[in-house]
Amino acid sequence: MNASRRLLCILGLFAFLPVTAFACDGKEVFSLLDLERPGLEQVKSLCERKQWKNASAALLDYYRSRQGIVIPGQEVREASARDSLRAEDALQHTFHVLKDPVWNYGRKIDWTYWPVKDIEMRVQLHRQGWWASLGRMYCTTGEEKYAREYVYEFRDWVRKNPYLPFDIDQYGTVSSGAIPIDAPNECFAWRPLEVGIRLLRWCTHFSLLEDAESFTPAFLLEFLCAYHQNATVLMQSFSPAGNHLIHQSQGILRAGICFPEFKDAETWVKAGVENLNLEILRQSYPDGCHFELDPGYHIGFVESYDEAIQLALSNHRPELFPSECLDRLVRMTNYYLDYCYPDGTHPCFSDARRYDDLATSELLEDVNGYCDARVEPSSQSSGHPDTGFYTFRNGRAAESIIMPVKATKRGMWHAQPDFGTFELWAYGKKLMPDAGAYTYSGDEEIERQRAYFKATARHNALTLDDRDYDDPQPRVLEWQPEGREQSLCVEHEAYEGLTRRRRIRFVDEAYIVVEDEVSGPATGRLTLRNGLGGGILTETAPGEYIYRDGDAGLCISIMGPEGSRLSIDRDWYSEAMHEKCLRPVIRLDLDRTPESGVQRFVTVLRPFSTDNQ
């Protein structure tokens, strides 16, 4: 048997190591690589002579001089002020897991530290988003301390977070994100979503730091071993469906394209592409709406798919994405642009965060660059009766009047019981934001906060005894997006025994009339709420109000049946994770008795600017 075949037989034994055996030492890594690949001739020769240390050094030289592989994020090497803050804090083991809060994880890092029992805060820790900041600070300053800290934290995470198999369904780690707070650490560290995101991010960290002195040949082998292990685990644990599967598929695709030296690389590429091309058709309706019925998850899907296409194109793999899927991406992009605002943000319907957005100009440039169909933002009112998002607008400029309306069915886990809710933008301000979503899942207190913001009573809606709506089966009675009086009329069985109809009219593209009508035998307390932003609300006469936010404002008139009681509440709304603001809410209450019959409420909204008042 020649030396080359002996080497393959010996190293082949390591290929069958179970994924539970995370650590692989030295020469074992070479069994994972295709040493016949052009450029690895010296590495192969050294391995055949069992000169493992020299082979490791040659492999590092290969990666440092490698050409033709484009890794997303490798071109952004200049550190921002945010990178500087995150990196300096990371040197002290204070990690920016999310925007806020930040916590110190101790001199000897405690990867299980979890002072606020919010699932998102725990799982985000294992995505290591701040490591890119260490990389960019190293590139910008040349100071080795940032690379040294990265290597230390990487090794520490690998050592303290070994992979242990666990039942994905048992621990709720599919798209709902609901992991029991007392679940073992591996359920947080090795949830398939986090594995997929690590595969995405670790590529970038590698490209930023591979030239550092601290990035030694020995560390290269540790990195490659850990990276391959993450990919192997993910290949065995893809979520069956949902938005998590998109990030997982994007991650495994990037692993295969950015590290083609692995023997498994093309298997990873095939798995990622097949999932992505199947899921864009499964996770979106024919009109282009994402099936979560949530603007944030909608644009998140579009962004992920676009990034996957850009990765393929920049690495000369255009054949991976068929025209059918690209056409659906165009529809999804146009759908999003229909209801987004001039500043590039979107409504905070369901679990959407206000500023978790893609720059729409970049999106248009990307998609129009590789699709035959065109992305064309409309300056007119637009609607999607098949899925239930509508937008009244008189333009796309900052001074335009824009009212997105959500009149969809309930949707999936990230949706809310908010049928008919709306936001209002005018003259550069979000005058009537939706309630948003303050948090995800976690302990009893976190779940209480989630339920509070999710409740129907937090929305621009009409409730009975402040109960959440039953699962709506919406009916579109009228949709007229053109002319002097544009209108939408939808109804649903809000509660057992109570039909609610909402009609919205956009008159002369200048003001809006919202008419609510209820009928049926149900009784109780009806409450109509109109929530404003963080500005100042003044009552000028019974049922008449002026709301001001800087140079923009809103005249509000509210009328209800005899016996209606108007008041001003203060309540919370949220536009970012764990951030909330108080706002004024105009509240109208009315008792409903068996004799009430049909009851109607009218709200008139007249936006103005101090420049044209």
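The values are calculated or read from the model by the stated rules, or taken from the named source; none is laboratory data. In this text the structure is predicted, and so the values were computed from the model without any measurement. Backbone-built Cβ (ideal geometry, glycine too); neighbour counts: all protein chains shown.
Just a few scattered comments:
- In the range 36-48, the residues that are among the polar types (S, T, N, Q) reach residues that are buried (at least 19 other Cβ atoms within 10 Å of the Cβ) with C-beta atoms within less than 8 angstrom, at least six apart or across chains, in these pairs: Gln42/Ala58.
- Every pair of residues 6+ apart whose Cβ atoms lie under 7 Å, when the first sits in the range 463-486 and is of a type in the set (S, T, N, Q) while the second is part of a loop (DSSP other than H, G, I, E, B) and surrounded by 13 or more Cβ atoms within 10 Å (Cβ to Cβ): Gln473/Lys409; Gln486/Ser381
- Leading residue by the ranking (nearest to Val604 (Cα to Cα)) among those in the range 370-388 that are free of Cβ contacts under 8 Å to residues at least 60 places away in the same chain and surrounded by 16 or more Cβ atoms within 10 Å (Cβ to Cβ): Val375
- In the range 115-122 there is at least one residue matching the filter, namely being assigned by TED's automatic domain parsing to the domain that holds Arg191, under 23 Å from the mean Cα position of the chain (by Cα) and assigned to a loop (DSSP other than H, G, I, E, B).
- Exclusive hit being among the hydrophobic types (A, V, I, L, M, F, W, C) and more than 28 Å from Glu292 (Cα to Cα), set Ala265, Ala271: Ala265
- Restricting the range 566-594 to residues that are part of a strand (DSSP E or B) and touching a Ser or Thr at 6+ places or on another chain (Cβ under 7 Å), the residue that is nearest to Lys429 (Cα to Cα): Lys580
- Matching residues in the range 65-94 - criterion: being in a helix (DSSP H, G or I) and either assigned by TED's automatic domain parsing to the domain that holds Ala255 or over 24 Å from Ile109 (Cβ atoms) (or both): Ser65, Ala81
- Any chance Leu554 is of a type outside the set (D, E, K, R), buried (at least 19 other Cβ atoms within 10 Å of the Cβ) and either part of a strand (DSSP E or B) or assigned by TED's automatic domain parsing to the domain that holds Val102 (or both): yes
Conditions tested, residue by residue: (1) under 23 Å from the mean Cα position of the chain (by Cα); (2) acidic (Asp, Glu); (3) within 25 Å of Gly533 (Cβ to Cβ); (4) modelled with pLDDT of 95 or more.
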| site | (1), (2), (3), (4) |
| --- | --- |
| Tyr297 | yes, no, yes, no |
| Pro342 | yes, no, yes, no |
| Thr360 | yes, no, yes, no |
| Asn368 | yes, no, no, no |
| Asp372 | no, yes, no, no |
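- Any chance Asp351 is among the charged types (D, E, K, R), under 27 Å from Met412 (Cα atoms) and part of a loop (DSSP other than H, G, I, E, B): yes
- Of the helices (runs of 4 or more DSSP H) lying entirely inside the range 188-276, the ones with 2 or more residues being at pLDDT 95 or above and surrounded by fewer than 20 Cβ atoms within 10 Å (Cβ to Cβ) are found at 217-235.
- The sole residue among Gly597, Gly534, Gly563 that is of a type in the set (Gly, Ala, Ser), touching a Cys at 6+ places or on another chain (Cβ under 8 Å) and outside any strand (DSSP E or B) is Gly534.
- Members of the range 89-110 that are over 19 Å from Asn161 (Cα atoms), in contact (Cβ under 8 Å) with a residue 40 or more places away in the chain and over 26 Å from the mean Cα position of the chain (by Cα): Leu91
- Of the residues Gly520, Gly563, the single one that is in the same structural domain as Arg475 (by TED's automatic domain parsing), crowded, with 16+ Cβ neighbours inside 10 Å and on the phi > 0 side of the Ramachandran plot is Gly520.
- The range 536-565 residues that are farther than 15 Å from Val604 by Cα, paired with ones that are of a type in the set (Asp, Glu) and not in a strand (DSSP E or B) (beta carbon under 8 Å, 6 or more apart): Asp551/Asp611
- Only one of Ala426, Ala457 that is modelled with pLDDT of 95 or more and under 18 Å from Arg501 (Cα atoms): Ala457
- Exclusive hit being free of Cβ contacts under 8 Å to residues at least 60 places away in the same chain, assigned by TED's automatic domain parsing to the domain that holds Leu528 and crowded, with 20+ Cβ neighbours inside 10 Å, set Thr391, Thr408, Thr456, Thr421: Thr456
- Number of residues in the range 577-603 that are crowded, with 18+ Cβ neighbours inside 10 Å and among the aliphatic types (A, V, I, L, M) equals 5.
- When we screen Tyr138, Tyr171 for residues that are at pLDDT 95 or above and aromatic (Phe, Trp, Tyr), the only hit is Tyr138.
- Residue in the range 365-379 that is touching a Ser or Thr at 6+ places or on another chain (Cβ under 8 Å), in the same structural domain as His247 (by TED's automatic domain parsing) and not in a loop (DSSP other than H, G, I, E, B) present: yes
- Taking each residue of the range 513-526 that is without any contact (Cβ under 8 Å) to a residue 60 or more places away in the chain and looking for partners that are part of a strand (DSSP E or B) and of a type in the set (S, T, N, Q) with beta-carbon atoms closer than 8 Å, six or more apart or interchain, yields Gly520/Thr499.
- Within the range 440-468, being touching a Phe, Trp or Tyr at 6+ places or on another chain (Cβ under 8 Å) and assigned to a loop (DSSP other than H, G, I, E, B) holds for Asn460, Ala461, Arg467.
- Within the range 469-510, the set of residues being hydroxyl-bearing (Ser, Thr, Tyr) and more than 33 Å from the chain's Cα centre (by Cα) comprises Thr499 only.
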